[in-house]
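Okay, structure first, notes after.
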Amino acid sequence: MCGWITPVKYFQFEEVILKSFGGGVRYFDCAPAYGLGKMEQYLGHVLRTREIRSQVVISTKAGRVLHPMTKAGGRALTDIPDNPIPYIDPLPFFGAYDYSYDGIMRSFEDSEQRLGLDYVDILLVHEIGRMAHGEKNAGYWEQLRRGGFRALDELRGSGAVGAIGLGVGETASVLEMSDEFEVNCCLIAGPYTLLRQEPLDHFLPECLKRNISVIAAGVFNSGILAGGTRTATKLFDYQDAPPDIIDRVARIEAICETYGVPLATAAIQFVLGHPAVATVLVGARNTAEIDQNLAAMAAQVPPAFWDELRAQGLLSRDAPVGGIARLEPRDSADHASSDCK
């Protein structure tokens, strides 16, 4: 991710995008919230100046409208609701959730301006659901029902957007929206990983049944499935990993060492193995991490490795493994993808 942990200059961002593209990545995800507009500006500029827009798939998100900090009433960015992530050196804006007809339209049109594009392959409704909004969720769903769905339908029908989906950290909201509106795809961050296999029971079969392509993000659960248990910082879903998670990862690590499979490779390829998963979305802060991610995508994993995980109770017996899926929402794209925040 081109992110919120350390400041990222444009030249660094461009290096990561071009390294990804050179390695076969053909899908890039962004959002108004990432860097509060900066990520969309950077990505659009790279695509235009390097003349590669026609060769890639782009997704962005709607549901949060950016406003200039001059309207913040003197408050610091982190004191404004809907802005919990402390981005470093963001643009001078703050976000406000708005899933109404006008909110979806303004969010999308502002994204077009920042990207410098008049077409986006995938538009994702961002962070709708109980996990993100708690008691406010019912009100935001009502905004979607009363006008947001109409805006999304118009954008898809007019050709301004190729596909409509959700960008969320939970699975329930995907199926809830699909019950009321035609959903083409979903980006889920964290619910389906080596450490979280519950979606195998209901969610992923439902996605196959409903023809919803899954873009799987957060496959490292924010770090512990990439760095393992021997690093100083062991994060699980953006917090210090609890003892039971550390123990489970240590058991997976031991099997990885036995079969010569890097932990990150196991994490990525496990998720890619499900037929509902069209692509895995992984972030990168620099070109070295791009190399690591691409190597993890391409590595060969022996079937005996997955068998051992099952034997040790670390992998569901029903979990499909070993397949490489593709994301093809417009023309075609490689299975590799990148998320630069």
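The values are calculated or read from the model by the stated rules, or taken from the named source; none is laboratory data. What you see is a predicted model, and the numbers here were worked out from it, not measured in a lab. Every residue, glycine as well, gets a Cβ built from its backbone with ideal geometry; the counts of neighbours run over all protein chains shown.
For Thr78, state whether it is among the polar types (S, T, N, Q), surrounded by fewer than 18 Cβ atoms within 10 Å (Cβ to Cβ), at pLDDT 95 or above and not in a loop (DSSP other than H, G, I, E, B). It is false that Thr78 is among the polar types (S, T, N, Q), surrounded by fewer than 18 Cβ atoms within 10 Å (Cβ to Cβ), at pLDDT 95 or above and not in a loop (DSSP other than H, G, I, E, B).
Does Glu308 count as at pLDDT 95 or above, within 18 Å of Val261 (Cα to Cα) and either outside any loop (DSSP other than H, G, I, E, B) or of a type in the set (Phe, Trp, Tyr) (or both)? Yes. Scanning region 225-260 for residues that are closer than 18 Å to Gln197 by Cβ, aromatic (Phe, Trp, Tyr) and in a helix (DSSP H, G or I) yields no hits at all.
Modelled with pLDDT under 95 and under 30 Å from Arg210 (Cβ atoms): does that describe Ala266?
Numbers: modelled with pLDDT under 95: no; under 30 Å from Arg210 (Cβ atoms): yes.
For Ala266, the condition - modelled with pLDDT under 95 and under 30 Å from Arg210 (Cβ atoms) - is not met.
Assessment of region 294-302 against the conditions (in a helix (DSSP H, G or I), within 27 Å of Leu124 (Cβ to Cβ), under 22 Å from the mean Cα position of the chain (by Cα) and in contact (Cβ under 8 Å) with a residue 40 or more places away in the chain) yields at least one matching residue. Of all the residues in region 207-236, those that are surrounded by fewer than 16 Cβ atoms within 10 Å (Cβ to Cβ) and either charged (D, E, K, R) or farther than 18 Å from Thr171 by Cα (or both) number 6. Please indicate, with yes or no, whether at least one residue in region 261-268 is part of a loop (DSSP other than H, G, I, E, B) and free of Cβ contacts under 8 Å to residues at least 12 places away in the same chain. So far as region 261-268 goes, no, none of its residues is part of a loop (DSSP other than H, G, I, E, B) and free of Cβ contacts under 8 Å to residues at least 12 places away in the same chain.
Every residue in region 124-183 that is among the hydrophobic types (A, V, I, L, M, F, W, C), surrounded by 16 or more Cβ atoms within 10 Å (Cβ to Cβ) and in a helix (DSSP H, G or I), please. Correct list: Met131, Ala132, Trp141, Leu144, Phe149, Ala151, Leu152, Leu155, Val174, Leu175, Met177.
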